[in-house]
Every structure is written in structure tokens, then in C-alpha cells.
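J.: My questions all concern the structure below.
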């Protein structure tokens, strides 16, 4: 059984010890602060193949560089949360690590949104959702672990993120679009086992009841 773990930056990342280690881990967006704050996350990703999924904005790899991530780990994929057609446009993606950009195939169009006057014809509601969709739709993993995808649900105005970042804002899909994509991915891939650790509750009733989803609700 080949396994993958999607590591997002939400508060539930603090419970990473509840998740089985996997063959591959995918780190989503800026992740250096999480590695610095939570040594258990560093331990979790050690000895696994590492993919990155980043949007390519300037400075996005800065916290990883500051942590010294690239001195100890050699990512094998740089996943971009965009369709391949974006590669032929004027978009400028930061990539200073020498790993070829991997864009999403047209198989994703079925799961992506089309928003009037948005900058891209097709889009996912977050990079975390794009990373999850990539490993489900384009890879051959039997087991998919999801940690830190908390859908921007917070308690008492706490940070969206495990490392306490307070300068970032929620993606546009925070009010149900993210949960809808997760639900459809799990529903349409009954032969894959999904294990999810999250602080979230909203819009997740259906996906929590699928036979191929093991959902663990954690409290912060």
C-alpha cells in the first residue's frame, strides 16, 4: 500500500503524531515556521520523499530557506496549483530550487471552479485543495493522509495557522467550496483510503460518513 500525507498549515498540524508516516509527504505553501515550531513535523517528514505545492509568489520559499530546509531535504516535485495552460502565459512563478514545475492536468477541470472575471479560467479554492487533488487524480497512492487542513475555522479569533501567523487572510473558498472538493474527491475514489485530522466541523457531515474516510476531530 503506497501512502501520501498532505501537510497543510492549520492548527490540527499540532496532532501530527496521530497520523501514520507515509512514503511521500506534500508540504503546502510557506512551511518553514511550522518546521521551526514543531520538531515532530520534522521527524514526521524525515525518511519520506518530499513534494512541495506552492503558488509561486515572491518570497514564498523564504521561511523554508531560513529554516535550512533545503540543506536537509531534497524535494522531488514542485506542484503548482494551476492548470498546465498557465505555464504558457505571462505568469512569473518563483522557483529557486531547480525542481521543474509540475502543473495540473485537465483532469482537474471537473473539480475546479470557474469564477466570473477571476484571474484564471479554472481555479481551486486553496493550494491545499490543489495538492490533495493532485495526489488523488494524478498519482497512484492507496492511502491519503490529510493533516492541517482546517478550512480556516478558528476559535476565539485565534490564528488560522499552527505557527500563529497573523498577517495572512483566508482563501476565497473558506465558506464551503474547499469542503465540497474534498467531499467529491473522497466520494469518487472509493478504492482509496482517506485519513483526515482536522479541527473543522462545517460542511463536512457527508464526507465524514463515507466508508473510505477515517475522520478525526481534534480540539485546540
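Nothing in this text is a laboratory measurement; each read-out follows from the coordinates by a stated rule. What you see is a predicted model, and the numbers here were worked out from it, not measured in a lab. Every residue, glycine among them, receives a Cβ derived from its backbone with ideal geometry; neighbour counts consider all protein chains shown.
J.: I'd like to compare 191-201, 145-155: which one has the highest average count of other Cβ atoms within 10 Å, and what's the full order after that?
T.: Top to bottom by mean Cβ count within 10 Å: 145-155, 191-201.
J.: Consider the candidate values (i) 22, 22, 18; (ii) 29, 25, 16; (iii) 36, 24, 16; state which one is semi-axes √(5λ) of the Cα gyration tensor in Å computed from the structure displayed.
T.: (i)
J.: Divide by every residue of the chain the summed helix terms, -39500 (n - 2.57) for each DSSP H run of at least 4, and state the resulting mean residue ellipticity at 222 nm, rounded to the nearest 500 deg cm²/dmol.
T.: -5500 deg cm²/dmol
J.: Find how much the distance from residue 187 to residue 101 grows on full extension, using 0.36 nm per residue of separation minus their present alpha carbon separation; answer in nm with one decimal.
T.: Extending this stretch completely gives an extra 28.1 nm.
J.: When only Cα pairs under 8 Å and 6 or more residues apart are kept, what is the percent relative contact order across segment 1-129?
T.: 21
J.: How do 110, 34 rank when sorted from fewest to most other Cβ atoms within 10 Å of their own Cβ?
T.: Going from least to most buried by this count: 110, 34.
J.: Run the simple label-point estimate for residue 142 and residue 209 please: 7 Å along Cα→C-beta, distance reported in nm.
T.: A separation of 2.9 nm, rounded to one decimal place.
J.: Ratio to report: Rg/Rh of segment 1-66, with Cα atoms as the point set and Rh obtained by the Kirkwood method; give two decimals.
T.: In segment 1-66, Rg relative to Rh is 0.95.
J.: Related question: Given 5 Å bins starting at zero, what is the percent of C-alpha pairs of segment 1-117 in each, up to the one with the largest pair distance?
T.: Per 5 Å bin, starting at zero, the Cα-Cα P(r) for segment 1-117 comes out as 2, 10, 20, 22, 19, 14, 9, 4, 1 percent.
J.: Largest first and to the nearest Å, give the Cα extent of segment 83-210 along each principal axis.
T.: Result for segment 83-210: principal-axis Cα extents of 41, 39, 34 Å.
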